[in-house]
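The values are calculated or read from the model by the stated rules, or taken from the named source; none is laboratory data. Since we're looking at a predicted model, the values are computed, not measured. Glycine also receives a Cβ, built like all others from the backbone with ideal geometry; neighbour counts cover every protein chain displayed.
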Amino acid sequence: MVTQVLDLVARCYDADDGAVVRDFIRHAFARSEAVVLSFEGVESVPTSFVNAAFVELLDAHEFDFVKRNLKIVRSNQQINDLIRRRMSFEAARRAADGPRAA
Amino acid sequence: MTASVRISLPHRLDEDGLHSVMAQAVDRDGTPRHQSCVVDFGRLRFIVPAGVTALANLLKWFQQRGVRFSFTAHEHYGEAIRYLDDSGFFAMFAGQPLQARARPRETTVPLKMVEHAESYLWLERDFIAWITEAVSLPRQAFVDVKTCLQELFHNIRDHSGQSVGCTYMQFYPQEKRIRIALADFGIGMARSVRKVLPQLADEQAIRKAFEEGFSTRSTARNRGAGLDLLVRNVVQLNGGRISIHANGGSVQCRSSGGRPDYILRREYAHYPGTLVALEFRTEALHFDPSSFEEDLEW
């Protein structure tokens, strides 16, 4: 089932907006459900939205898991490039930092 | 009673000239030099968006600090004064335009203080309405420009200690350039970075802020990627230019052989807050409707 991101938030502008999207995705993942998120109607997103909506998923999930279980559709190059670059960068940084101490 | 000190605007108020104004107005420790002053427009003959924004930002800073100011030698209404009047400068600081005929120019977005809470709608409506009309391209062609401004408004809220930015913009059709300036009178980018890296000089601190992943962790979610996005959108993809002036330094970034090249300068004056000047090449802005929408390929 495709979820329209603009059904979750009125706009994709800042970290508060991103947190709502993140919580939706986390909830789905917790029920072992994949997510298909449509960005229809969204022209652009800033880094603060992407950080909150997607990068914070890496706090609890490996990047490969996110890639397998999150599809983003009806988006555009600006949004997709930013999500890819931010996620790749943060995943690589986490891998370099290693497991956190308990 | 002490006579007010005179702050003389230079012949040319651009990114170099603004430092002469700051040198007269601001101590090296970032405090106002005087408690009252007269801003002298007598020598001013030319001004650019960064100069308009820097001057307005300075006066807003004065107002916040309780510095009293007045204007002199602005009545001659030469071209630079008329340009400032049309920008909304005198309406903002003197309560009304110098002349009733003052009008925003079609190629400009009037000087405005934008609160972060209103920045989303201001960008979606006022900014997009102006730029699509001025440059005659559909709104999707300005996605990268709008994203840069979103990043800058977020940076002001997250790092400066303030919530409002002062902005002014102009389209130069002959040069095929858009010049955008956005400033705040907060703590300054260099000072913000030096909270975590105190050993850096101001210009080095500003340069550090461009590194993807560097963050002052000013907020829990701050991951330090906003300026990296600006470099990508403005310099690498567009071939434009970014300048940042903050505290005692400045950094300019432009393309050199397809890669971003940074020029760092230690300035002789202190800039109270942060000024960001962006220059976009309109020839590099385009929109292909057949390829605009796509799914994400990881």
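The strands (runs of 3 or more DSSP E) found entirely in chain A that carry 2 or more residues being in contact (Cβ under 8 Å) with a residue 24 or more places away in the chain and facing chain B (nearest Cβ under 9 Å) are A:70-73. All of B:59, B:44, B:98 fail the test of being in contact (Cβ under 8 Å) with a residue 24 or more places away in the chain and not in a loop (DSSP other than H, G, I, E, B), apart from B:59. A residue that is at pLDDT below 95, surrounded by 15 or more Cβ atoms within 10 Å (Cβ to Cβ), under 17 Å from residue A:17 (Cβ atoms) and not hydroxyl-bearing (Ser, Thr, Tyr) occurs nowhere in the range B:164-180.
If the condition is being among the acidic types (Asp, Glu) and surrounded by 14 or more Cβ atoms within 10 Å (Cβ to Cβ), then the range A:1-27 contributes A:14, A:17, A:23. The single condition from (1) touching a Pro at 6+ places or on another chain (Cβ under 9 Å); (2) loosely packed, with under 15 Cβ neighbours inside 10 Å; (3) of a type in the set (D, E, K, R) that residue B:86 fails is (2).
Name the single residue, out of those in the range B:172-194 being under 14 Å from residue B:241 (Cα atoms), of a type in the set (D, E, K, R) and in a strand (DSSP E or B), that is farthest from the chain's Cα centre (by Cα). Result: B:177. Annotation: of all residues in the range A:63-78 being modelled with pLDDT under 95 and closer than 23 Å to residue B:213 by Cβ, the one that is surrounded by the most Cβ atoms within 10 Å (Cβ to Cβ) is A:78. Only one entry in B:125, B:103, B:139 is over 23 Å from residue B:280 (Cβ atoms), surrounded by fewer than 19 Cβ atoms within 10 Å (Cβ to Cβ) and of a type in the set (Lys, Arg), namely B:103. If the condition is being among the charged types (D, E, K, R), at pLDDT 80 or above and under 30 Å from residue B:284 (Cβ atoms), then the range B:201-239 contributes B:203, B:207, B:208, B:211, B:212, B:228, B:232.
Annotation note: Cβ proximity below 7 Å between a residue of the range B:261-286 that is farther than 27 Å from residue B:174 by Cα and a residue that is of a type in the set (Ser, Thr, Tyr) and part of a strand (DSSP E or B) (sequence gap 6+ or interchain) occurs for B:265/B:250; B:267/B:250.
Of the residues making up the range B:143-158, not a single one is assigned to a helix (DSSP H, G or I), surrounded by 14 or more Cβ atoms within 10 Å (Cβ to Cβ), touching a Lys or Arg at 6+ places or on another chain (Cβ under 7 Å) and more than 11 Å from chain A (Cβ to nearest Cβ).
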